[in-house]
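Here the structure comes first, spelled out in structure tokens, and everything after it is commentary.
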Amino acid sequence: MKAKKPPKERRSQHSQRTRKKFQFEDGVRAALVAAAIVCVAVLGIGGFFAVRSVLSSGSKPEIHLLDDVTEISEEIPDFPSELPLASDIPPETAISPEIDILPELEQAIRDLEASQQGTAPPVASGVQTPNPAQPQTVPARPAQYKGMLVLVIDDAGNNLQDLEPFLKFPGPITISVLPGLPNSAEAARRVRAAGKVLFLHQPMEPLNGQDPGPGAIKTGMTPAQVKEILVRNFNEIGPVAGFNNHEGSRVTMDMAIMRTIMEVSRDSALVFLDSRTIADTVAPQAARQVGVTIAERDIFLDNEQDRASILAALEAGCKRAEQNGSAILIGHAWTPRLAALLIEMYPQLVQRGFVFATVANVTGRGK
């Protein structure tokens, strides 16, 4: 026997209940989706600003995701056990199919896009940031690196007036002070006080028979005598970073004396600079025998004291530095206007790509 169809009125009521049930379920889904989006947005915004704060402070982040989720979940009210049907929700409070993104989330997205484009995002109020409307000072980019220039100024100690201009040189410069003169100790003190590199300008016997000055090393001396003279001069001028020969064309050809000098250089950890006052110097051979690295002069700046000649010698030193990686240039404290010319040329040489250095930078040893 076939079941009787319910009356149309009963079917209509059943359909209405079914539709209300679906509306209820749709409302619950919409509310849950909205709540999930809010949670994700809040977490995303909080995480974004936390990461940016950590990056700006340079400290390692301490992330406590569980604590953050707990705090956020506590702020979200519990849903009521009985939710109203979707049809019962007033139109002005109903959830739209297109949910508006929170303003904070929009700002976070804009900040992320700005960072990807290389534009710094705005920071919180109270934190100063450079005004992009104001031009920023950018240091001039130096030319490609070309080599090291080492300036050594000999014969300091004769008088203090000649010394003073060289102490104002803006870059590294080595001042070599003669021993045993009335101004030797004071000259050495001023060099150290100015932050310049101090050398002992050790007098040595020349071929021409002239007296090289007090505290000189001469041929015929025993190793003990040579060491005694060097120690006495070091104590007067020192502490020093190294030493080089004043004159000494005869001594620098004497292998026995030069071996003794190289031993002192090795044992005292002081670099020796061969001024190369004669082409037949045996200093390099003596250094190899003793197992020590020395430096050698490349250019004399002031064999001629006029401006054009000094500039030509300086340019020759630049070419040597480009070819060999470095060049040691020796001038003299008594040359008029040498200090002023070196100070004048310094920024130009730096801009061209030359770096001013010390003898120790070239040899890799010494103080």
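At-a-glance table
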read-out	value
Peptides ranked, highest mean first, by Cβ atoms within 10 Å: ranges 185-198, 301-314	185-198, 301-314
Surface share of carbon and sulfur [accessible, 1.4 angstrom probe, percent] for region 229-363	49
FRET efficiency estimate (nearest 0.05) - Cβ-Cβ, A224 to N303, R0 45 angstrom	0.80
Stretch gain in nm, segment E322-Q161, where the contour uses 0.36 nm per residue and the Cα spacing is subtracted	54.5 nm
Amide H contacts under 5 Å for A357, placed H, 5+ residues apart	L149, V150, L151
Residue-span extension gain [R288 to E344] - 0.36 nm each, minus C-alpha spacing	16.3 nm
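The values are calculated or read from the model by the stated rules, or taken from the named source; none is laboratory data. Everything numeric in this text was worked out from a predicted model, so none of it was measured. No Cβ is skipped: glycine too gets one built from the backbone with ideal geometry, and neighbour counts run over all protein chains shown. Quick note on the areas: whole protein, heavy atoms, side chains included, nothing else; ligands and nucleic acids left out. Shrake-Rupley method; radii C 1.70, N 1.55, O 1.52, S 1.80 Å.
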